[in-house]
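Reading through the structure tokens given below for one structure.
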Amino acid sequence: MRLLPASLFGRTATILGLAFLVFQIAALAVVALTILKPMALRSADDLAGLMVLSVQTWVELPPETRPYFERELAVHHHLLIKRVDAPLEERADSFLNSHYIEQSLTRRTGQDILLKAGENGWVWAEMRMGGHLIRIGFERDRYGVQSPLAAVGLVSLGALLTWLTAMVMVRRISRTLVRLGAAAGEVGQGQMPQPLPESGATELASLTRAFNLMANEVQALLANRTTLLAGISHDLRTPIARMRLALAMLPQDADARLIGQIEHDLEEMNRLIGSFLELSRGLQAESVQKLDLRALLDELAEDARRSGGKVEWSASHTCIATAGPNSLRRVLSNLIENALRYGDNKPVTLECVCTAREALIRIMDRGPGIPPDQIEAVFRPFYRLETSRNKATGGSGLGLAIAQQLAQANHWQVLLLPRTGGGLSAEVHIPTVSSIAVP
């Protein structure tokens, strides 16, 4: 289960958001413990002291002066006091410092005093003093400490502004990295991306400048490789042609077995040269067109059968894909040839599965397969598994490299996977297809 988003921006936003949330909770806890709680305790104690003192004064005053005291208390301190015969039953609802007021009243009077609910938002405390049950009350909105909404809002606003500022900065950095990643993918496919703007922070500008320079150097290296391979391949075919001509002009009594071996070697050299030329053109994407993959696989399967290969293939759907015909043909033929060469002379099975998003072509054999730690290595030019280094089965080591480079240049994907029951399954994923059922 993934706890963080996959993107840099998403992860940074989540981590910073959690960090600011923890900061806000800690800040509010500090404010509550160091400011709000002491203020609530002090306010509750002052109010409780005033209430107890007012009750004591009321009890000690002569009865004829008590109404004047009650009026002064109401006007200046917004407290109401009166003598009652029976206590109230309903307890007042808790508010921010109600518990502190009850504690302070209990401590000052030695009586168990609870705040009682009155009408119109009044809160009453009842205590016995001087043989009387005295009820004294206050307006809850006037003496109740208000919730720290201002403090919460201030801290939240500061955290939100800081988080948004960080998100803007991270977004700019992530966009630069996304552009670099996309451009790097184009370079990996043999394409030359547009130069990226070398602007922004010094570090990002330096990184972009280095990438632009690297992209130019990679393109130069690829161009030099193409020129070198094409030049060597072209120049080698001239002496091969002269050698063929010389063989044809040998006298009839020459050793036929030796001539056959030389002709076989010349044919092998010519095939290798053709592979070199294909490798040199491997990164050049081809213009695309709509292809019927079933017809293409029918043709490739028939070609393999004519060459002595055992190929099992049947299709029930017409699968239309948008792809470069020559590139796709070469990729599939290389994979089929590879499966036939290393398939232990067992039938090779072809499959084509079409969905709304892609076409999947499988070439499956029953050979020894490829060790997992060498799957990536077999796509390197001239790399061959140790078991294939013999004249009977060993190839040039260029087939898979050419297939991979052509696939990358055309935005396809080639995968080599172990086949259930033994063998290897080569998969070609081609995006954007349409499928039509055949009755």
Can you work out the base-10 log of I(q)/I(0) for the range 334-375 at q = 0.15, 0.25, 0.28, 0.30 1/Å, using the Debye formula on its C-alpha atoms alone? -0.44, -0.86, -0.94, -0.99
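Could you check how much of the accessible area of the range 286-372 is carbon and sulfur, as a whole percent, using a 1.4 Å probe?
Whole-percent figure for carbon plus sulfur exposure: 47.
Please give the length that would be gained between Arg341 and Asp141 if that part of the chain were fully extended, namely 0.36 nm times their separation in residues minus their C-alpha to C-alpha distance (nm, one decimal). Let's see the in-between values first.
Details: separation 200, 0.36 × 200 = 72.00 nm, distance 9.08 nm.
Between Arg341 and Asp141, full extension yields an extra 62.9 nm.
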What's the FRET efficiency of Ser287 with Ala19 using the Cβ-Cβ distance as r and R₀ = 51 Å, to the nearest 0.05? 0.50
Amide H contacts under 5 Å for Arg91, restricted to residues at least 5 apart in sequence or on another chain and with H modeled in the peptide plane, are Ala117
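In whole angstrom, how long is each semi-axis of the equivalent ellipsoid of the range 18-121, when you take the square root of 5 times every eigenvalue of its Cα gyration tensor and sort them from largest down?
On the way: eigenvalues 249, 45, 33 Å².
In descending order, the three semi-axes are 35, 15, 13 Å.
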With θ set to phi - 60°, apply the Karplus curve 6.51 cos²θ - 1.76 cosθ + 1.60 along the range 192-197 and write out the HN-Hα couplings as whole Hz, x wherever there is a Gly or Pro. 9, x, 5, x, 7, x
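How much accessible area per residue does the range 1-140 have, in Å², with a 1.4 Å probe? Before the final figure, lay out the partial values.
Values: 8600 Å² over 140 residues.
Dividing the accessible area of the range 1-140 by its residue count gives 61 Å².
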Straight-line reach only, C-alpha to C-alpha below 13 angstrom: list the aspartates and glutamates that Lys82 could link to, leaving out same-chain residues fewer than 8 apart. Glu70, Glu126
Say R0 is 51 Å: what FRET efficiency, to the nearest 0.05, do Thr322 and Trp122 get from their beta-carbon distance? 0.05
Explain nothing, just compute: Karplus ³J(HN,Hα) = 6.51 cos²θ - 1.76 cosθ + 1.60, θ = phi - 60°, for every residue of the range 171-183 in order, whole Hz, x for Gly and Pro. 4, 5, 5, 5, 5, 4, 5, 5, 4, 4, x, 5, 5
Label point 7 Å beyond Cα of Arg419 along Cβ direction - residues of the range 363-384 with amide nitrogen under 13 Å: 363-370
With a cut-off of at most 16 other beta carbons within 10 Å, and DSSP calling the residue loop, which trypsin sites (Lys or Arg not before Pro) in the range 1-88 qualify? Please list them. Arg2
Excluding residues on the same chain fewer than 8 positions from Lys346, give the lysines whose Cα lies under 16 Å from its Cα. Lys310
Which FRET efficiency, nearest 0.05, do Leu61 and Ser7 yield, Cβ-Cβ r, R0 56 Å? 0.15
Hey, what's the Kirkwood Rh for the range 66-189 if you take every pair of different alpha carbons, in angstrom? 19.4 Å
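The values are calculated or read from the model by the stated rules, or taken from the named source; none is laboratory data. Values in this document were obtained by computation on a predicted structure and should not be read as measured data. Positions of Cβ are generated from backbone atoms using ideal geometry, with glycine treated the same way; all protein chains shown enter the neighbour counts. Protein only, heavy atoms only, side chains kept; ligands, DNA and RNA dropped before computing areas. Shrake-Rupley method; radii C 1.70, N 1.55, O 1.52, S 1.80 Å.
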